[in-house]
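In what follows, a single structure is set out as structure tokens and then discussed.
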Amino acid sequence: MTARIVVLHGGVILALFLAQFVASDYAVLTLTRVMVLAIYALGYNILFGYAGLLSLGHAMFFATGLYAAALGVTRLGLGVTEALLFALLCGVTISFLVGLIVLRASGVAFMIVTLMFSQAAFLTVLYFGDVTRGDEGIVIKDDQRLFSLFGTPMNLADPALRYNIALAFLALAIALCLIAVRSRIGHVLVAIRENETRTAMLGYDVKRYKLLAFVLSGSFAAFSGAAYALLFAYAGSTLASIQYSINPLLWTLLGGAGTVLGPVLGTGLMFVLVDFASGFTSASLLFVGVVLILLVLFFPKGILGTLRQRFWRWLP
């Protein structure tokens, strides 16, 4: 890994760390949410940006982590750390089992099958409303968000602690993505995206690598969902809807599919666009849609993807 890659990604993490000291309380809260959801987008990018598999069902994995963590602390009596690990385990298991089925399809059929699974999961959340609380959602109490760090009591209700934990999670996710995409796994996934048949002819087990990408992507999504539930003390069915399957796709396309920092940039920009548009119009999504169309016209590979194509060839 070259020095400029380390400096670039380390600089982004450092900038986010310093931002909390100059930003308003509202901006800190928004950045916290952006960083948590950026982990979701990073995971989606592994499957879509590097393996070339367009999924419309990732809300299922996000919701798996979300509800596993929320139910873990509210009904199973788990601590914060145990709930996070439990949610991650659930995410790995569900993504593996679902991946074994959906990866039998390809192209448009793959998109439809993932969408069907996600909608089935969403309806399941609504059906078991006595447990999941449906649209009302599960609210996690402050005393259920207590944990100990090196013997020091911590509470996730503290905005500063919440921000720095989200930043630590994001830094870990970026590091793992960098390692994965610059390893043999990442190179094979890109080869599959570009020419699956030729990659198979070279002797690579394409199905195994696609399943690995699917599980990695679903695990990132579940971890993000668990972090969201614990940091923001809420899990609701809205977060399991089709919108949360489309969101990571938009964030990734906006920032640049197939780039590590693209999904992070795209997530942040989307929040800025929606926030800005909401200030002067009730049709904020219409404004965002126009901006996205312009970006597709002038930045066809996303912002960082286009910049890499034209200027920064070294950008991972």
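Observations
- Spin-label pair residue 282/residue 17, simplified geometry with 7 Å Cα→Cβ offset, distance in nm: 4.5
- Each peptide in 65-78, 9-22 gets a packing score, the mean of other Cβ atoms within 10 Å over its residues, and the list from highest to lowest is 65-78, 9-22.
- Simple spin-label estimate for residue 293 and residue 109 gives 3.4 nm between the two label positions (7 Å along the Cα-to-Cβ direction from each Cα).
- The residue list 39, 147, 282 was ranked by how far each Cα lies along the charge dipole of the chain toward its positive end, using unit charges on Cβ atoms, and 39 comes out on top.
- Under 14 Å from residue 207, Cα to Cα: aspartates and glutamates that are on another chain or at least 8 residues apart: 196
- The calculated 222 nm mean residue ellipticity attributable to helices in the chain amounts to -23500 deg cm²/dmol, summing -39500 (n - 2.57) over DSSP H runs of n ≥ 4 and dividing by all residues.
- Filtered GluC sites (Glu not before Pro), region 126-233: DSSP coil and at most 13 other beta carbons within 10 Å: 136
- Ligands, DNA and RNA excluded, the heavy atoms of residue 148 present near 80 Å² of accessible surface to a 1.4 Å solvent probe.
- Rounded, prolate or oblate (a/c below 1.5 giving rounded, otherwise prolate when a/b exceeds b/c) for region 4-84 by Cα gyration tensor: oblate
- Shape call, region 148-292: gyration tensor on alpha carbons, a/c limit 1.5: oblate
- Comparing 248, 153, 263 in a Gaussian network model of the chain, where Cα atoms under 10 Å apart are tied by springs, the biggest mean-square fluctuation is seen for 153.
- Cα gyration tensor shape for region 229-306, rounded if a/c is under 1.5, else prolate or oblate: oblate
- Dipole in debye (nearest 20) - region 155-235, about Cα centre, beta carbon charges: Lys, Arg +1; Asp, Glu -1: 260
- Kirkwood hydrodynamic radius computed over region 24-148 comes to 16.1 Å, based on all pairs of distinct alpha carbons.
- Relative contact order [Cα under 8 Å, 6+ residues apart], the chain, whole percent: 32
- About the centre of its Cα atoms, the chain shows a dipole size close to 1120 debye [charges on the beta carbon of Lys, Arg (+1) and Asp, Glu (-1) only; nearest 20 debye].
- Projecting the Cα atoms of 167, 267, 212 onto the charge dipole of region 166-286 (Cβ charges, centred on the Cα centre) puts 212 farthest toward the positive pole.
- Mean separation of Cα contacts under 8 Å (6+ apart) over length of region 46-157, as relative contact order %: 29
- Model label points for residue 142 and residue 232, set 7 angstrom from Cα along the Cα-to-Cβ axis, are 2.0 nm apart.
- Listed peptides 27-33, 265-271 by packing density, highest first (mean Cβ within 10 Å): 265-271, 27-33
- Sequence-distant residues sharing a close amide H with residue 56 (under 5 Å, placed H): 114, 115
- Top of 195, 45, 247 by mean-square fluctuation, Gaussian network on the chain, Cα under 10 Å: 195
- Sparse-neighbour loop sites [trypsin sites (Lys or Arg not before Pro); region 110-167; at most 12 other C-beta within 10 Å; DSSP]: 141
- Equivalent ellipsoid, the chain (semi-axes from 5 times Cα gyration tensor eigenvalues, Å): 29, 24, 20
The values are calculated or read from the model by the stated rules, or taken from the named source; none is laboratory data. Owing to the predicted nature of the structure, the values given are computational and were not obtained by experimental measurement. Cβ coordinates were reconstructed from backbone atoms using ideal geometry, including for glycine residues, and neighbour counts include every protein chain displayed. Keep in mind that these areas ignore ligands, DNA and RNA; they rest on the heavy atoms of the full protein, side chains included. Shrake-Rupley method; radii C 1.70, N 1.55, O 1.52, S 1.80 Å.
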